[in-house]
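Novice: Input: one structure, supplied below.
The values are calculated or read from the model by the stated rules, or taken from the named source; none is laboratory data. Worth saying up front: this structure is predicted, and the values here are computed from it rather than measured. Here Cβ is always computed from backbone atoms with ideal geometry, including for glycine, and neighbour counts include all displayed protein chains.
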Amino acid sequence: MFRRILIANRGEIALRVMRTAREMGVECVAVYSDFDKRALHTRFADVAVGLGGSLPAESYLDMDKILGAAERTGAEAIHPGYGFLAENAEFAKRVQAAGLAWIGPPADAIAAMGDKITSRRIMTDAGVPVVPGLTDPVDDGAAAVEAAEGVGYPIALKAAAGGGGKGIRIVREPAEMDGAFRTASGEAKTAFGDGRIYLERYLDKPRHIEIQVLFDAHGNGVHMGERECSIQRRHQKLIEECPSPIITADVRAAMGETALAAGRAVKYEGAGTVEFLWSGGEYFFLEMNTRLQVEHPVTEMVTGIDLVREQLRVAAGEKLHYGQDHVGFHGHAIEVRVNAEDPVSGFLPSTGTIQNLRIPGGPWVRVDSCLYRGMEVGLNYDPMLAKVIVWAHDRAGAIARMRRTLKELNVGGVRTGVPAALAVLEDGRFQGGDFDTSLLESLDLAAHPGEEVKAAAIAAAIHRWTAARRRAVSGGAAGRAPWVRRGRAAKSDFSGGDA
């Protein structure tokens with residue numbers, strides 16, 4: 001096993017990886033931007049290295065800086081987390097060329113699955129069902145109209161190099177095609193540096209089901225069942241659960257084998273996720289995420305398998321020490337993403353300083369979080385602040401536990417999407433398992449302000465009052481009372497400054 005690894009990420013995923021690594025006796029190197037100088041992941045790590053800058057391109061996306069940090073700190077491997085460089089084939093190659101282990105799949109697998117057109121071809125050849133559509137990009141709106149006649153409306157225009165809901169437009173009639181094509185291509189060019197667009201039939205009101213897979217470097221592979229990810233807004237997930245309320249044991253086994261076939265087709269290694277669209281009792285390949293997923297904790301809660309631990313073992317060359325028959329599924333788990341956004345105002349980003357913080361607890365409640373009082377929430381990075389995960393013996397119990405848990409949560413200083421999650425959890429369609437990817441957008445969120453919004457307003461008022469009292473007592477010196485001290489810096493900082 002590795003002695004020391006570098007985690008090329010930030011926030012809750014960096015902390016998540018560190019915690020498992022610590023249990024395994026592995027030291028962790030954190031990297032951080034100027035904006036994250038006092039972030040929890042920099043303080044929790046054994047070593048913290050400043051990358052400079054406050055934008056992703058100046059820090060977490062700078063391969064040279066990250067590889068330099070690994071060299072200077074003696075790291076033996078790099079874990080990319082998710083986002084940033086996690087699915088960048090060039091970075092994976094450079095990590096290995098530098099003599100380091102890459103805690104992820106082979107670069108060729110990342111490249112193959114990262115290009116949606118290439119992946120559709122590979123999956124078709126492997127016998128994996130794909131949504132009817134093209135395996136070649138179209139050049140413009142006119143070509144897309146011509147191609148759509150053979151595929152059938154509605155049509156989904158998709159970025160060939162895309163993911164995360166970017167570069168996607170739905171077209172229901174030919175007159176909409178030209179404008180939608182130009183918008184999708186422009187968005188794809190901005191997000192991925194690649195404006196190529198392909199099209200496939202758009203499945204109205206599908207379910208989004210994904211299968212967790214794990215392969216070692218010795219030809220062994222297992223699946224760990226499915227996750228239901230249909231509660232989303234504009235292709236961005238909000239609530240995930242394991243298992244899905246509509247997938248039977250027989251279907252789970254069939255989808256699992258299909259997902260394993262997809263992984264074998266690209267000689268996959270490590271943890272990955274094969275995503276499917278479910279419609280009319282059929283499932284179709286959507287994409288493969290060649291990294292750890294945000295929603296991986298629900299799989300861990302139901303199977304009892306630590307996916308980060310397995311990632312490290314596989315990257316260190318170990319064989320899987322169990323087979324498919326040893327993967328069990330127990331109970332039901334639900335995850336809610338806590339994003340800094342205001343659902344009542346169309347999910348606009350919310351920024352500010354975390355003034356008050358109450359983290360929920362109780363039996364079978366897990367919170368993966370990067371939150372702390374005084375934390376600045378800006379616009380430079382992903383808006384996700386935390387993930388709340390609960391487990392119960394059955395789905396009804398998990399829903400009840402999550403509702404109670406979210407009502408305990410208070411993040412004062414910014415708005416979050418928690419009221420939207422509560423509105424979904426309290427909706428009869430969700431509780432009955434009869435929903436699709438359109439459920440969240442069908443809700444009137446203005447009618448569901450939620451306890452979190454009320455608590456935040458009260459907490460903000462209290463904070464303003466106490467701050468005014470402190471200024472009065474201290475005479476206003478720097479806005480800080482004389483008995484308030486600054487926190488300690490991280491133990492080690494290779495940037496030369498405090499962390």
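Novice: Does Arg415 satisfy the condition of being within 22 Å of Gly331 (Cβ to Cβ) and touching a residue at least 12 places away in the same chain (Cβ under 8 Å)?
Specialist: Values: within 22 Å of Gly331 (Cβ to Cβ): no; touching a residue at least 12 places away in the same chain (Cβ under 8 Å): yes.
In short, no.
Novice: Please state which one of Val274, Val298, Val327 is within 24 Å of His41 (Cα to Cα) and either basic (Lys, Arg) or assigned by TED's automatic domain parsing to the domain that holds Met255 (or both).
Specialist: Being within 24 Å of His41 (Cα to Cα) and either basic (Lys, Arg) or assigned by TED's automatic domain parsing to the domain that holds Met255 (or both) holds for just one of Val274, Val298, Val327, which is Val298.
Novice: Just to be sure I understand, how many residues within the range 98-120 are assigned to a helix (DSSP H, G or I) and of a type in the set (A, V, I, L, M)?
Specialist: Final tally of qualifying residues: 7.
Novice: A further question follows. In the range 169-214, which residues are touching a Leu at 6+ places or on another chain (Cβ under 7 Å) and surrounded by fewer than 16 Cβ atoms within 10 Å (Cβ to Cβ)?
Specialist: Within the range 169-214, no residue meets the criteria.
Novice: Can you tell me which residue is modelled with the lowest pLDDT among those in the range 180-204 that are within 23 Å of the chain's Cα centre (by Cα) and either assigned to a loop (DSSP other than H, G, I, E, B) or within 16 Å of Pro154 (Cβ to Cβ) (or both)?
Specialist: Gly193
Novice: Answer yes or no: is there a residue in the range 76-88 that is touching a residue at least 24 places away in the same chain (Cβ under 8 Å) and assigned to a helix (DSSP H, G or I).
Specialist: no
Novice: Can you tell me which residue in the range 61-75 is surrounded by the most Cβ atoms within 10 Å (Cβ to Cβ), limited to those that are free of Cβ contacts under 8 Å to residues at least 40 places away in the same chain and not in a helix (DSSP H, G or I)?
Specialist: Looking at residues that are free of Cβ contacts under 8 Å to residues at least 40 places away in the same chain and not in a helix (DSSP H, G or I), I get Asp62.
Novice: Could you list, in sequence order, all residues of the range 349-407 that are of a type outside the set (Val, Ile, Thr), part of a strand (DSSP E or B) and under 21 Å from Glu240 (Cα atoms)?
Specialist: Of everything in the range 349-407, those that are of a type outside the set (Val, Ile, Thr), part of a strand (DSSP E or B) and under 21 Å from Glu240 (Cα atoms) turn out to be Arg366, Asp368, Ser369, Met384, Leu385, Ala386, Lys387, Trp391, Ala392.
Novice: Across the range 167-179, what is the total count of residues that are under 15 Å from Arg234 (Cα atoms) and more than 25 Å from the chain's Cα centre (by Cα)? Don't jump to the end; show me each part of the working.
Specialist: Pass one, the range 167-179, residues under 15 Å from Arg234 (Cα atoms): 167-171.
Now drop any that are not more than 25 Å from the chain's Cα centre (by Cα), which leaves 171.
Going through the range 167-179 one residue at a time, the tally reaches 1.
Novice: So Gly346 passes all but one of these: (1) under 20 Å from Lys237 (Cα atoms); (2) at pLDDT 95 or above; (3) surrounded by fewer than 15 Cβ atoms within 10 Å (Cβ to Cβ). Which condition number does it fail?
Specialist: All conditions pass for Gly346, except number (2).
Novice: Taking the condition within 21 Å of the chain's Cα centre (by Cα) and either assigned by TED's automatic domain parsing to the domain that holds Arg227 or closer than 27 Å to Met224 by Cα (or both), does Gly378 pass?
Specialist: Working: within 21 Å of the chain's Cα centre (by Cα): yes; either assigned by TED's automatic domain parsing to the domain that holds Arg227 or closer than 27 Å to Met224 by Cα (or both): yes.
Answer is yes for this residue.
Novice: Output the residues belonging to the range 340-358 that are out of contact with any Asp or Glu (no Cβ under 8 Å at 6 or more places or on another chain) and under 19 Å from Ala421 (Cα atoms).
Specialist: Scanning the range 340-358 gives Ala340, Glu341, Asp342, Pro343, Val344, Ser345, Gly346, Leu357.
Novice: Would you mind finding the one in Val95, Val49 that is of a type in the set (Val, Ile, Thr), modelled with pLDDT of 95 or more and part of a helix (DSSP H, G or I)?
Specialist: Details: Val49 fails: part of a helix (DSSP H, G or I).
One residue alone meets the criteria, Val95.
Novice: Still on this structure, please answer the following. Based on what the data block shows, is Ala398 buried (at least 22 other Cβ atoms within 10 Å of the Cβ) and under 19 Å from Trp364 (Cα atoms)?
Specialist: yes
Novice: Where residues in the range 121-169 are in contact with a His (Cβ under 9 Å, 6 or more places away or on another chain) and in a loop (DSSP other than H, G, I, E, B), which of them is modelled with the highest pLDDT?
Specialist: Residues of the range 121-169 that are in contact with a His (Cβ under 9 Å, 6 or more places away or on another chain), as a first pass: 164-166, 168.
Cutting the leftovers down to in a loop (DSSP other than H, G, I, E, B) gives us 164-166.
Working: Gly164: 67, Gly165: 74, Lys166: 81.
Per the stated criteria, the residue is Lys166.
Novice: Now a separate question. Within the range 356-381, count every residue that is closer than 30 Å to Ile399 by Cβ and touching a Pro at 6+ places or on another chain (Cβ under 9 Å).
Specialist: Matching residues across the range 356-381 total 4.
Novice: Among the residues of the range 187-236, write down those that are at positive phi and either touching a helix residue (DSSP H, G or I) at 6+ places or on another chain (Cβ under 7 Å) or in contact (Cβ under 8 Å) with a residue 24 or more places away in the chain (or both).
Specialist: Correct list: Gly193, Lys205, Gly225, Arg234, His235.
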